[in-house]
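Below: one structure, written as structure tokens.
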Amino acid sequence: MRIDIVSLFPEFVAQCAAFGVVGRAAERGLLSLHGWNPRDYAEGNYRRVDDRPFGGGPGMVMLVDPLRASLDAARAADPRPVCVVYLTPQGVPLTQAKVRELAARERMVLLCGRYEGVDERLLATQVDEEISIGDYVLSGGELAAAVVVDAVARLQAGVLNDADSAEQDSFEPVDPAGDPGQLLLDCPHYTRPVSHELGDVPPVLMSGNHAEIARWRRQQALGRTWQRRPDLLDEAGLSKPDRALLSSYRASLGTVGDDSDG
């Protein structure tokens, strides 16, 4: 997969991508990142890339022409079809489903805004979609671009040492039978030592009984989602075994009510 970054600070995204999973993906030739700085395409002695907004108001707005030239150069660098994504709080939320969609593409250009944003005429004619990583405002799109790159890179085949790791992440809709299921948070994880001053590893994880371990992990995922992100959990849509697991989890916390037969 090829990802091009249009940014006034493309080296920032490149540095973020040089470590861990993304760095490994690049080393294995599974992902390539390329930066394009609009200032390189700006005219005049000062290579200006922004100007004051019409209508008044604070801040500056990024100019059309340097950004358009950057996008043209990025598109021309590879003949494969490419989708241009603008990182903005006004975009659609970045979900794991959206990440999977992006990861299936061969090419992608990530456009990073700065200041008060980008001239709307460029967005209307040169951008295919807009994505937000959350309901808050950053100084620029570079951090958001780094988030997208990391999330997409880890889904590329061969990037993770264990192919099952991505499938068991939070928000991956797969149930124990392998069928599409609800979006759940991940279960707790433990490693050595077994006993520690901060607590012990749950005995079930050392039992060697894989069916019981899977059941415990499913229950923990259901319980954590119910506690921390109830908006993700459609209890009416849970299977009867899942409702029983969640009811048992609630009972362990002293929560009143048993809907295992509901």
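Here, each number is a calculation from the coordinates, and none is a lab measurement. In this text the structure is predicted, and so the values were computed from the model without any measurement. Cβ sites come from the backbone with ideal geometry, for glycine too, and all protein chains shown count toward neighbours.
Converting phi to 3J(HN,Hα) with the Karplus coefficients 6.51, -1.76 and 1.60 and the offset θ = phi - 60°, the stretch 101-109 yields 5, 5, 5, 7, 7, 7, 9, 7, 10 Hz in sequence order, with x at every glycine or proline.
Summarising the amide proton neighbourhood of Asp50: residues at separation of 5 or more, or on other chains, whose placed amide H is nearer than 5 Å comprise Leu63. Computed over the alpha carbons of the chain, Rg followed by Dmax gives 23.1, 74 Å.
Taking 0.36 nm per residue of separation and subtracting the current Cα-Cα distance, fully stretching the chain between Val92 and Lys240 would add 49.9 nm.
Summarising the amide proton neighbourhood of Gly35: residues at separation of 5 or more, or on other chains, whose placed amide H is nearer than 5 Å comprise Ile5. Charging the Cβ of each Asp and Glu at -1 and of each Lys and Arg at +1, and nothing else, the dipole of the chain about its Cα centre rounds to 380 debye. Applied to the stretch 82-99, the Karplus parametrisation 6.51 cos²θ - 1.76 cosθ + 1.60 on θ = phi - 60° returns per-residue 3J(HN,Hα) values of 9, 10, 9, 10, 9, 8, 7, x, 8, x, 6, x, 7, 10, 5, 5, 5, 4 Hz, with x for Gly and Pro. The calculated FRET efficiency for the pair Ala251 and Tyr136, based on their C-beta separation and a Förster distance of 45 Å, comes to about 0.75.
Once you keep just the Cα pairs under 8 angstrom separated by 6 or more residues, what percentage relative contact order results for the stretch 1-143?
Numbers: 242 pairs, mean separation 43.1, N = 143.
Computed over the stretch 1-143, the figure is 30 percent.
Dividing the radius of gyration of the alpha carbons in the stretch 2-153 by their Kirkwood radius gives 0.96 for Rg/Rh.
Packing, as the average of other Cβ atoms within 10 Å across residues, places the peptides 65-77, 89-101 in the order 65-77, 89-101, highest first.
Between beta-carbons, use under 10 Å as the cut-off and find the net charge around Cys187, counting Lys and Arg +1, Asp and Glu -1. Within the 10 Å Cβ shell, the charges total +2. Taking Cα atoms only, the orientation of helix 142-153 departs from the longest principal axis of the chain by about 50 degrees.
Roughly how tilted is helix 210-228, in degrees to the nearest 10 and between 0 and 90, from the longest Cα axis of the chain? Approximately 60 degrees, to the nearest 10.
In terms of packing, defined here as the mean over residues of other Cβ atoms within 10 angstrom, the peptides 104-113, 127-136 line up highest first as 104-113, 127-136. Highest mean first, the peptides 195-201, 144-150, 184-190, 19-25 sorted by other C-beta atoms within 10 Å per residue fall in the order 144-150, 19-25, 184-190, 195-201. Sequence-distant contacts, meaning Cα pairs under 8 Å at least 6 residues apart, place the relative contact order of the chain at 17 percent.
Return, ordered by residue number, the residues of the stretch 32-64 whose backbone nitrogen is under 14 Å from a label point located 7 Å along Cα→Cβ of Ala124. Residues 64 qualify, since their backbone N sits under 14 Å from the label point. Shown in residue order for the stretch 122-133 are the 3J(HN,Hα) couplings computed by the Karplus curve 6.51 cos²θ - 1.76 cosθ + 1.60 at θ = phi - 60°: 5, 4, 6, 10, 10, 10, 8, 7, 10, 10, 10, 9 Hz (x for Gly and Pro). Close amide H partners of Gly113, meaning residues 5 or more places away or on another chain with modelled amide H under 5 Å apart, are Leu87, Gly141.
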